[in-house]
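I have placed the structure first, in the form of structure tokens, so that the comments after it can refer back to it.
Bear in mind that the values in this text are calculations on the coordinates, not laboratory data. Computed from a predicted structure; not experimentally measured. Methodologically, a virtual Cβ is constructed for each residue, glycine included, from the backbone with ideal geometry; neighbour enumeration extends over all protein chains shown.
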Amino acid sequence: DAMVIQNPRYQVTQFGKPVTLSCSQTLNHNVMYWYQQKSSQAPKLLFHYYDKDFNNEADTPDNFQSRRPNTSFCFLDIRSPGLGDAAMYLCATSSWTGGYEQYFGPGTRLTVT
Amino acid sequence: DAKTTQPTSMDCAEGRAANLPCNHSTISGNEYVYWYRQIHSQGPQYIIHGLKNNETNEMASLIITEDRKSSTLILPHATLRDTAVYYCIVRNNAGNMLTFGGGTRLMVKP
């Protein structure tokens, strides 16, 4: 089945040690998103790509970066994770044409020790 | 995008209809009402959306009031697997962004 895949599902990193989270999609959607969801809170958009155009939310910390080497893959890089960056990170996709619903992956739960 | 107000939590008996309300009194004419849900430890899942007419699909029905200031998501026969947080989101289709509010935690009980 076509889907949004996130690897790994659980990631543990040390304080200050760079970490990369991965997302891939088989839907051939041109828009990809990264959300951060802290415990008991709603998902919060960090940034999104429309094709290769990168769009950063105004309040996304500089510590968070993203790369999209091709249509199928998108990466979230956290340069120097702090304890406050522990969260679930959700990747989503949507198509600019047709329906505008977003399709979410299962998320990667990041723990910072 | 317009803000939404939802009850924090609701209970529903298994097999009964679950009616989840959402207030969006500041909605503007080109804004749609979207519903997503998030089952524990999973990513959000799209349910349904509408502009002003009532909508129905295999998952749920969406009833939007005539003045569009509120809406109700209806799960006609709730099951235990429908236990989740349900998010009502209002946005226009000029952009793809979703702004999630607090949502309603629906607990379906046997």
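Below is a table of values for the structure above.
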| item | result |
| --- | --- |
| Extreme residue, farthest from A:Cys91 (Cα to Cα), among residues of segment A:1-19 that are surrounded by 13 or more Cβ atoms within 10 Å (Cβ to Cβ) and among the polar types (S, T, N, Q) | A:Thr13 |
| Yes/no for B:Ile27 being more than 13 Å from the chain's Cα centre (by Cα), more than 11 Å from chain A (Cβ to nearest Cβ) and within 28 Å of A:Leu46 (Cα to Cα) | yes |
| Matching residues in segment B:73-110 - criterion: being out of contact with any Leu (no Cβ under 6 Å at 6 or more places or on another chain), β-branched (Val, Ile, Thr) and farther than 22 Å from A:Pro43 by Cα | B:Ile74, B:Thr79 |
| Segment A:67-84: number of residues that are in contact (Cβ under 8 Å) with a residue 24 or more places away in the chain and either within 26 Å of A:Met3 (Cα to Cα) or of a type in the set (A, V, I, L, M, F, W, C) (or both) | 10 |
| Matching residues, segment B:56-87, being assigned to a strand (DSSP E or B), more than 11 Å from chain A (Cβ to nearest Cβ) and either in contact (Cβ under 8 Å) with a residue 40 or more places away in the chain or of a type in the set (Lys, Arg) (or both) | B:Ser70, B:Ser71, B:Thr72, B:Leu73, B:Ile74, B:Leu75, B:Ala84, B:Tyr86 |
| Within segment A:37-80, considering residues that are buried (at least 18 other Cβ atoms within 10 Å of the Cβ) and within 11 Å of chain B (Cβ to nearest Cβ), the one nearest to A:Pro8 (Cα to Cα) | A:Gln37 |
